[in-house]
Amino acid sequence: MDEKLNELLRTVRRNAAGAACGVCRKTEELVSAVRLRQRIAELEREEAARLAEAGRMVYATHTGTPTPTEALLEKLREIDVLKAELASLRREDGRCAACGAVIPEGDRFCRACGHRL
Ligand SMILES: [Zn+2]
């Protein structure tokens, strides 16, 4: 996908009359928005995978194969880091930092999860 976006940018730049062309600027904004959403989707998949791993550690403990506390805490810290990066990127994309829902302008709380904005 990144290759296609880069090719699109190159094509637009090749065909543009000058560096300040409006189509170029719009295209670059669009490409940035797509990249931001791709990164958010990637982090959401990573977060889901880490949460599943933490869940398996807890369940293994429940069923008699205790996970060392430090290993579980390390996994939880990894999830904290992912959540912080996700929150930042979601805000940048005009979405709720907690759940990723689109936020209508002027709202003070997320309509999907109630998170204070
Ligand atoms: Zn929300």
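Listing for the model above:
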{"quantity": "Least to most buried among V31, V102 (fewest other Cβ within 10 Å first)", "calculated": "V102, V31"}
{"quantity": "Net charge contributed by nearby residues that have their C-beta within less than 11 Å of L76 (K/R +1, D/E -1)", "calculated": "-1"}
{"quantity": "Reach of K75 by Cα under 28 Å, taken over lysines that are not fewer than 8 positions away in the same chain", "calculated": "K83"}
{"quantity": "For D93, D2, order by how many other beta-carbon atoms lie within 10 Å, fewest first", "calculated": "D2, D93"}
{"quantity": "Projected-area mean, the chain, by convex hull of Cα positions, square nanometres", "calculated": "10.3 nm²"}
{"quantity": "Nearest 10 degrees, 0 to 90: helix 2-15 Cα axis against the chain principal axis", "calculated": "10 degrees"}
{"quantity": "Restricting the stretch 9-117 to GluC sites (Glu not before Pro) in coil, as DSSP defines it, with at most 14 other Cβ within 10 Å", "calculated": "E105"}
{"quantity": "Additional length obtainable on full extension of the chain from T61 to E92, 0.36 nm per residue less Cα span", "calculated": "7.3 nm"}
{"quantity": "Residue-averaged 222 nm ellipticity for the chain, from DSSP H runs of 4+ at -39500 (n - 2.57), nearest 500", "calculated": "-24000 deg cm²/dmol"}
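Throughout, read-outs are computed from the coordinates displayed, never taken from laboratory work. Keep in mind that this is a model prediction, so the values were computed, not measured. Ideal geometry is used to build each Cβ from the backbone, glycine not excepted, and the neighbour counts take in all protein chains shown.
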